[in-house]
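Data first, discussion second: the structure below is written as structure tokens.
Since every read-out is calculated from the coordinates, none of them should be taken as a lab result. This is a predicted model, so every value here is computed, not measured. Glycine also receives a Cβ, built like all others from the backbone with ideal geometry; neighbour counts cover every protein chain displayed.
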């Protein structure tokens, strides 16, 4: 567990690149001076300041592994998202962004903690889970890992290609998708919202005592966490990160 | 740290400046929901409203009894300490004067107490004389739980945190008891026109 | 709306401004119902621009109430019976 030794204060990150990931999501690659490292699963707070002094802030999970050179945040562009629209439409290479972090040692995984690992995410909830998967890869870990990932459509699966590549090379990593709104022709995978039955089919059994991380919109997380506990999983081994109603 | 920094091209939500507003406020189109706890859901048959404290005989109304009280339509501007204001909001409610009619008390203050743990304190004179209501409808519809329903206190001349959501009664007190936000640095009185947001303002 | 409540780790940023230790991994016991857990598992209400309220998942008691205004932090920990934090040095 990361132990923070001093107060976490605001610093200035530089935007290295803004990368479209899906039609509605972009990832921000940041260079953060004096960044002291982070644990997979932690997040950062982003603060925007208008010229008249008006400020607003949001939290974004760090999607990059601690081993990665640059910090990555994944931002879903929300139709009325004051901050997300700025980050995806306006922000560009060279801009500065106020950032505070890393924050939150509770929802974090470090490969030494072992597994098996069951990661359950919806939409942009993939971000902290991606950090864990990338960290696992970078650390050369063979902890058995399953990702159950809910997206609205095939095109909206964030980090889809990278997940495919990682899973194809690593027998101990399985990625299972469910597409809730539309599916490509010939899709034979899950086609509904994550429910208790799906969690039971995909996840490790309670006897195998997995570490479970669930991330996404609040109602999604609460439903999945409740189902996991009712399936018999130890609540102390089910960690949740709720993104609020919209995720930012 | 990052003094004087601002984010290139960031405008924030469209906020129009209006000289009719108290200092530091902006006009808001929506109706933001700010909540410090879970939304209470007291069943109507268990709900009551009471006046307690410095009063000879505490008063209590069940929902049926409360619904029989004379009510009025109120149209007022409201101002939140987080800087948004809405002009001409329309409510329906029972005047606090009606609830306190005939009460004799040495109390100079009231504490509004609510489902959940929220409280707020006000001088008695600021909830009487046609300045405060217990409101059960907003914009012609029954008040929604997320906005404080079934009833909330409505005290438009002060910052809106004084308009306690899910109010269940008023405690008449001889001394002032700072409430939920007042004990976290928010101004004890809260006049938007004198921009009394925080202690010491 | 209950959709507005988040996990204890959502308050970690604000708490991190005040405490020099990682609050979300700290153990607590609720003064109201006695439930013992870690702050990260508690319910957080970030009342935007007003303050941060951390509540016990069992009884909704306010464990931590925090506000930051006019250059001051106001911290109310009365809802916690104790906080237990690991000593980094050992």
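When chain B is treated as a GNM with alpha-carbon contacts under 10 Å, the residue of B:70, B:43, B:142 showing the greatest mean-square fluctuation is B:43. Rounded, prolate or oblate: which one fits segment A:10-103, using the alpha carbon gyration tensor with axes a ≥ b ≥ c (rounded when a/c is under 1.5, else prolate when a/b beats b/c, else oblate)? Note, shape of segment A:10-103 comes out oblate.
For segment C:2-84, a Kirkwood hydrodynamic radius built from all Cα pairs, placed in the Stokes-Einstein relation at 20 °C and 1.002 mPa s, yields a translational diffusion coefficient of 172 µm²/s. Counted over all Cα-Cα pairs of the protein assembly as shown, pairs farther apart than 33 Å make up 46 percent.
Tell me what the protein assembly as shown gives for mean residue ellipticity at 222 nm when only DSSP H runs of n ≥ 4 count, each as -39,500 (n - 2.57), the sum divided by the residue total, rounded to 500 deg cm²/dmol.
Counting only the DSSP helices, I get -3000 deg cm²/dmol.
When a/c is below 1.5 the answer is rounded, else prolate if a/b is larger than b/c, else oblate, so apply that to segment A:111-242 with a ≥ b ≥ c taken from the square roots of the Cα gyration tensor eigenvalues. Because a/c hits 1.5 or more and a/b fails to exceed b/c, segment A:111-242 counts as oblate. Note on chain A: GNM, Cα springs under 10 Å; of A:35, A:109, A:204, the largest mean-square fluctuation is that of A:35.
Our compactness index for chain B, the C-alpha radius of gyration over the empirical 2.2 N^0.38 Å, is 1.07. Once a ≥ b ≥ c are taken as the square roots of the eigenvalues of the Cα gyration tensor of chain A, is the result rounded (a/c under 1.5), prolate (a/b larger than b/c) or oblate (a/b not larger than b/c)? Cα axes put chain A in the prolate bin. When each of A:165, A:178 is scored by the number of other beta-carbon atoms lying within 10 Å, the sequence from fewest to most is A:165, A:178. Could you tell me how far the Cα centroid of segment B:148-201 sits from the Cα centroid of segment B:77-122, in Å? If you average the Cα positions of each part, the centres end up 8 Å apart.
Of all DSSP beta bridges confined to the protein assembly as shown, the antiparallel ones make up roughly 75%.
Taking the number of Cβ atoms within 10 Å of each Cβ as an exposure proxy, the fewest-first ranking of A:60, B:175, C:73 is B:175, C:73, A:60. Between residue C:27 and residue B:89, the simple label model (points 7 Å from Cα in the Cβ direction) yields a spacing of 4.5 nm.
Beta bridges per DSSP, both residues in chain A: antiparallel share near 55 percent. Counts of other chain beta carbons within 10 angstrom of each beta carbon in peptide C:32-38 average 1. By the count of neighbouring beta-carbon atoms within 10 Å, fewest first, A:70, A:58 end up ordered A:70, A:58.
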